[in-house]
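Note sheet for the following structure.
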Amino acid sequence: MIEIKNLHVSVQGKEILKGISLSINAGEVHAIMGPNGTGKSTLSNVIAGREGYEITQGSVTFAGQDLLAMEPDARARAGVFLAFQYPVEIPGVSTSAFLKTAINAKRRAEGLKEIDAMEFLKLVKAKTKALGIADDMIKRPLNVGFSGGEKKRAEVLQMTLLEPKFAVLDETDSGLDIDALKVVSDGVNALRGPERAFLVITHYQRLLNYIVPDHVHVMTGGRIVASGGRELALELEANGYAKYMAAA
Amino acid sequence: MVATGLLDHPFKEAYASKAGALPGATHAWVDGLRQTARALLNTAGLPGPKTEAFIFTPVSDLAKIPFIPAASADDVDVRDVPLNVPRIAGASRIVLVNGVLNAALSDNIAVEGLRVESLKQVLARDTLSVKPLLGGLAASASLPLVALNTAYMADGLVIRAGKNFAGAMLHVISIGAAGAEPVAFHPRNLVALEPGAQLTLIETHVGLPGQNYLTNPVTEISLAENARLKRYVSVAEDDDAFHFATTSVALSAHSTFNAFHAGLGGGKVRQEVRAAFLGTGSSAIVNGVYALSGKQHHDFTTAMDHAVPHTTSSQLVKGVVDGQSRAVFQGRVLVDRDAQKTDARQLHKAMFLAKGPAVDCKPELEIFADDVQCAHGAATGELDENHLFYLMARGIDRDTARALLVSGFLEDVLESIGDEQVREAFSALVQGWLKRRAMRRAA
C-alpha cells in the first residue's frame with residue numbers, strides 16, 4: 001500500500017532522515033520505535049505533507065501515486081491520515097463544523113453526496129459513544145481546553161469518521177493514562193482490517209501491548225537499524241536502545 | 001495641542017443661523033454646555049495627528065468637507081429600514097434617520113418601567129431630569145468629539161429603566177442618508193438604569209449609498225447599583241462615511257456593563273468606549289471584532305478607569321484586515337491608588353489577510369495600586385500555518401481551510417455574546433463580510 005524508498009530528508013540544511021526504506025501492505029500494522037530526536041516525527045510529517053522539510057532523495061508511493069507530489073489535503077482525501085502527536089487548538093472553529101467539513105471533502109472527492117446535519121449527528125453520536133467521548137465535546141471549539149486524553153480520543157474519532165486507507169499514529173500514547181490508552185487502542189483495533197494499514201510510531205512498547213503490530217522497526221539516527229516481529233519490541237523494553245544507538 | 005484657529009472646524013457657518021433653533025436652547029444650562037463646547041472647538045479645532053489620542057485617527061480633515069446639518073437636508077426621504085439590518089426576535093425597533101427619531105419606522109414601546117423618548121422631546125418639556133446625565137459623564141473639555149457633539153446635538157434617545165426593571169430588548173437602528181449635499185449629525189443618547197434594572201440595547205449603524213455623511217453620536221450611560229446593561233453595537237456604514245462614536249459609562253456598585261462592538265464598514269470609523277468604575281464590585285466586559293477591506297479605517301479606543309477597590313474589566317478584541325485598510329486599537333487601563341483588588345484584562349489580536357493593511361496597537365496601562373491583577377496582550381500576524389496544516393491534513397482544501405480559520409478567529413469573540421439571537425445576528429453579519437470577501441477574490 002505504501003512504499004518508502006531510500007528517503008532522505010533535511011530540515012534547514014540538516015539531514016534528519018538518512019535513507020529510510022519501508023514497505024507496508026494492506027492489512028498490516030507496523031510499529032516504529034526509537035529514542036527521542038531520531039526522526040520519527042519527521043517521517044510522519046513528511047508522509048502527511050507538512051511544509052518545511054526538504055526531500056533530498058528517495059520516494060514515497062501510496063496506492064501507486066507519488067505521495068510527495070500531492071498537497072496535504074489531496075493526500076488526506078486519497079486516504080492518508082496522521083493522528084497528531086500534538087493536535088492544535090483552534091478557537092472559534094467548532095469541532096462539529098470541522099468534522100462535517102472534513103467528511104464532506106472526502107465524500108465529494110469520492111463522488112458521494114454530502115451528508116446533511118441529521119445524518120452527520122447520527123454518525124458522530126454512534127462513534128463518540130464507543131470512544132467514551134462526551135456529547136458536548138463536539139460542540140466545543142476544536143481541541144480547545146481538551147485534556148491530553150481528550151485530544152487523543154478526538155484524533156481517533158476523526159480517524160474513525162474519515163476511514164483512511166493508511167493511518168500514521170504519531171506518539172498517540174504520549175500523555176495517556178492506562179484507561180485512555182485502552183480506549184484509544186480499542187478505537188484503533190476496531191478499524192483494523194484487511195483493506196487498511198497502520199504505522200504506529202512510539203517511544204514505549206506499552207502501546208504495542210494493546211495495538212499488537214505485525215512488524216517492528218527500530219529507528220535511530222535517521223535510519224531503520226533493525227526490523228523484526230513483535231518480539232523485537234519486547235526485547236527493546238527489556239534492554240533499551242543502547243545497543244542500536246551504537247549501531248547508528 | 002496646536003491651536004489651529006477658527007476655520008478648522010467645519011460646522012460653524014452652517015450652524016450659525018440655527019443655534020437658536022437647537023433643542024434646549026432656551027435653557028441656560030443647555031445653552032451653557034453648547035457655548036463652552038463651541039468655544040473649545042473655536043480655539044482648538046478638531047484633533048489632528050499631533051493630538052495624542054488621535055495620533056492614528058486624525059479627524060481634522062473633516063473641515064475640508066462642506067457638511068450641512070442633517071436637519072437642513074430636506075431632500076432626504078427614508079421610507080424603509082435597509083434589508084441588511086437584522087430583525088432580532090423579541091427586540092423592539094427604534095429607528096433614527098440622520099440622528100432623528102423616526103416614529104413611523106419605530107415600534108411603539110409600552111412597557112411599564114421603561115421610558116424611551118427623543119432628546120428633543122425631553123428638552124422641550126423638562127430639562128431637569130436629564131441634567132445630571134447630559135454632559136455629566138462625557139466631558140467636552142477632554143474629548144474633542146464630545147465637544148463637537150455637544151455644540152451641535154439636535155436629537156437622540158433618552159432611555160430610562162426604573163428600579164428593578166426586569167429587562168427588555170431594544171434595537172436602535174441608525175440610518176445615515178445624505179441628499180444632494182454631505183450631511184452631519186450628532187445624536188446625543190442618554191441611558192439611565194435605576195438600581196437593579198436590566199436592559200439589553202442592540203445598536204445597528206448603517207447608511208445609504210450616495211453623498212457622504214458624518215455621524216458623531218455620544219452616548220452617556222449611568223448604571224445605578226446592581227443595574228445590568230448589555231449593549232451590542234454593529235457599525236457597517238456606507239463606504240465613504242465617517243462614524244465617530246463616543247460612549248461614557250459610569251458604573252455604581254455591583255453594576256455590570258457587558259458590551260460588544262463590531263466594526264464592519266465605513267470610510268473612517270472610531271468607536272470609543274470609556275468606563276468609569278465608581279462603585280465596588282462593578283464590572284465591565286468590552287469585547288469587539290472588526291473586519292476591514294479596501295481603504296477602510298477603523299479605530300477601537302477604550303479607557304477603563306478603575307477608581308475604587310474590587311472592580312473588574314475585561315476586553316477581548318480581534319480583527320482581520322484586508323486590502324489597504326487600517327486598524328487601530330488603543331486600550332487605556334487606569335488603576336487609581338485606592339483601587340486595590342482591581343482585575344483588568346485586555347487582549348487584542350489582529351490578523352493580516354493581505355500585505356497592504358496596517359495595524360496600530362497602543363495599550364496603555366497606568367497602575368497606581370499595588371494589589372491588582374492586570375494583564376494585557378497584543379498580537380498581530382498572519383494565519384497560523386500549523387492550524388492550516390491541521391485542517392488540510394484532514395482533507396480540507398486550502399481555500400476552505402483558510403476561510404474556516406479566518407471565520408473561527410472572529411467567531412471566537414462572538415461566542416462571548418450571551419444572547420443567542422444577537423450572537424446569531426452578529427455572526428451572520430461577520431459571515432456576510434467573509435462571503436463578500438470570498439466573492440471579490442473569486443471575481
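Evaluate the range A:111-129: report whether one residue or more is touching a residue at least 12 places away in the same chain (Cβ under 8 Å), assigned to a helix (DSSP H, G or I), in contact with a helix residue (DSSP H, G or I) (Cβ under 6 Å, 6 or more places away or on another chain) and under 21 Å from A:Ala63 (Cα atoms).
Scanning the range A:111-129 turns up no residue that is touching a residue at least 12 places away in the same chain (Cβ under 8 Å), assigned to a helix (DSSP H, G or I), in contact with a helix residue (DSSP H, G or I) (Cβ under 6 Å, 6 or more places away or on another chain) and under 21 Å from A:Ala63 (Cα atoms).
Kindly provide the set of residues from the range B:228-259 that are closer than 20 Å to B:Ser416 by Cα and among the small types (Gly, Ala, Ser), ordered by number.
Passing the criteria: B:Ser234, B:Ser255, B:Ala259.
Any idea how many residues of the range B:22-52 are over 30 Å from B:Asp126 (Cα atoms) and crowded, with 20+ Cβ neighbours inside 10 Å?
Residues that pass the stated criteria total 3.
Given the conditions (1) of a type in the set (A, V, I, L, M); (2) surrounded by 18 or more Cβ atoms within 10 Å (Cβ to Cβ); (3) without any contact (Cβ under 8 Å) to a residue 12 or more places away in the chain, and given that B:Ala110 satisfies all but one, which numbered condition is not satisfied?
For B:Ala110, the failing item is (2).
Out of the helices (runs of 4 or more DSSP H) lying entirely within the range B:329-443, which hold 3 or more residues that are more than 12 Å from chain A (Cβ to nearest Cβ)?
Helices (runs of 4 or more DSSP H) meeting the threshold: B:420-442.
Results for (1) at pLDDT 90 or above; (2) acidic (Asp, Glu); (3) surrounded by fewer than 18 Cβ atoms within 10 Å (Cβ to Cβ), shown as yes or no for each residue.
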position	(1), (2), (3)
A:Ala130	no, no, yes
A:Arg140	yes, no, yes
A:Gly145	yes, no, yes
A:Val156	yes, no, no
A:Leu161	yes, no, no
A:Lys165	yes, no, yes
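Across the range A:42-67, what is the total count of residues that are of a type in the set (S, T, N, Q) and assigned to a strand (DSSP E or B)?
5
Got at least one residue in the range B:219-234 being within 24 Å of B:Asp74 (Cα to Cα) and surrounded by 22 or more Cβ atoms within 10 Å (Cβ to Cβ)?
Within the range B:219-234 (the criterion being within 24 Å of B:Asp74 (Cα to Cα) and surrounded by 22 or more Cβ atoms within 10 Å (Cβ to Cβ)), the answer is no, since none of the residues qualifies.
For (1) crowded, with 19+ Cβ neighbours inside 10 Å; (2) in contact with a Gly (Cβ under 7 Å, 6 or more places away or on another chain); (3) farther than 28 Å from B:Val406 by Cβ, each residue gets a yes or a no:
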residue: B:Val269; (1), (2), (3): yes, yes, no
residue: B:Val308; (1), (2), (3): yes, yes, yes
residue: B:Ser314; (1), (2), (3): no, no, no
residue: B:Leu334; (1), (2), (3): yes, no, yes
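Tell me, please, whether a residue that is over 20 Å from A:Lys5 (Cβ atoms), touching a residue at least 60 places away in the same chain (Cβ under 8 Å) and under 14 Å from the mean Cα position of the chain (by Cα) can be found in the range A:48-64.
The answer is no, given that none of the residues of the range A:48-64 is over 20 Å from A:Lys5 (Cβ atoms), touching a residue at least 60 places away in the same chain (Cβ under 8 Å) and under 14 Å from the mean Cα position of the chain (by Cα).
Here is a yes/no grid of residues against (1) outside any loop (DSSP other than H, G, I, E, B); (2) in contact with a helix residue (DSSP H, G or I) (Cβ under 8 Å, 6 or more places away or on another chain):
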position	(1), (2)
B:Phe260	yes, yes
B:Arg274	yes, no
B:Gly279	no, no
B:Thr301	yes, yes
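Within the range A:32-52, identify whether any single residue is more than 12 Å from A:Val168 (Cβ to Cβ), within 14 Å of chain B (Cβ to nearest Cβ) and among the β-branched types (Val, Ile, Thr), and answer yes or no.
no
Residues being among the polar types (S, T, N, Q) and either within 24 Å of B:Gly196 (Cα to Cα) or part of a helix (DSSP H, G or I) (or both): count how many of those fall in the range B:119-139.
Of the residues in the range B:119-139, 2 are among the polar types (S, T, N, Q) and either within 24 Å of B:Gly196 (Cα to Cα) or part of a helix (DSSP H, G or I) (or both).
Residue by residue through the range A:65-76, note down the ones that are without any contact (Cβ under 8 Å) to a residue 40 or more places away in the chain and surrounded by 17 or more Cβ atoms within 10 Å (Cβ to Cβ).
A:Leu68, A:Met70, A:Pro72, A:Asp73, A:Ala74, A:Arg75
Scan the range A:79-100 for residues that are within 9 Å of chain B (Cβ to nearest Cβ), part of a helix (DSSP H, G or I) and surrounded by fewer than 19 Cβ atoms within 10 Å (Cβ to Cβ) and jot them down.
Correct list: A:Ala97 only.
What is the residue count in the range A:102-139 for residues that are over 20 Å from the mean Cα position of the chain (by Cα), within 13 Å of chain B (Cβ to nearest Cβ) and under 12 Å from A:Leu161 (Cβ atoms)?
Total satisfying the criteria: 2.
In the range B:257-285, what residues are over 19 Å from B:His243 (Cα atoms) and under 17 Å from the mean Cα position of the chain (by Cα)?
B:Phe257, B:Asn258, B:Ala275, B:Ala276, B:Ala284, B:Ile285
Checking B:Val249 against (1) assigned to a strand (DSSP E or B); (2) of a type in the set (Val, Ile, Thr); (3) farther than 23 Å from B:Ala53 by Cα, which test does it fail?
Condition (3) is where B:Val249 drops out.
For A:Leu68, all conditions in the list (1) more than 14 Å from every other protein chain (Cβ to nearest Cβ); (2) touching a Gly at 6+ places or on another chain (Cβ under 7 Å) hold save one; what is the number of the exception?
Result: A:Leu68 passes all but (2).
Which condition from (1) part of a helix (DSSP H, G or I); (2) within 13 Å of another protein chain (Cβ to nearest Cβ); (3) within 13 Å of the chain's Cα centre (by Cα) is the one that A:Lys152 breaks?
Of the numbered conditions (1) part of a helix (DSSP H, G or I); (2) within 13 Å of another protein chain (Cβ to nearest Cβ); (3) within 13 Å of the chain's Cα centre (by Cα), the odd one out for A:Lys152 is (2).
Are any of the residues in the range B:68-77 assigned to a strand (DSSP E or B), small (Gly, Ala, Ser) and buried (at least 18 other Cβ atoms within 10 Å of the Cβ)?
Checked the range B:68-77: no residue is assigned to a strand (DSSP E or B), small (Gly, Ala, Ser) and buried (at least 18 other Cβ atoms within 10 Å of the Cβ).
Condition first: assigned to a loop (DSSP other than H, G, I, E, B) and closer than 14 Å to A:Val168 by Cβ. Now tell me which residues in the range A:1-31 satisfy that.
Answer for the range A:1-31, where residues must be assigned to a loop (DSSP other than H, G, I, E, B) and closer than 14 Å to A:Val168 by Cβ: A:Met1, A:Glu28.
Where residues in the range A:1-39 are of a type in the set (Gly, Ala, Ser) and more than 25 Å from A:Gln205 (Cα to Cα), which of them is surrounded by the fewest Cβ atoms within 10 Å (Cβ to Cβ)?
The selected residue is A:Gly13.
The values are calculated or read from the model by the stated rules, or taken from the named source; none is laboratory data. In this text the structure is predicted, and so the values were computed from the model without any measurement. Reconstructed Cβ throughout: ideal geometry from the backbone, glycine too, with neighbour counts over all protein chains shown.
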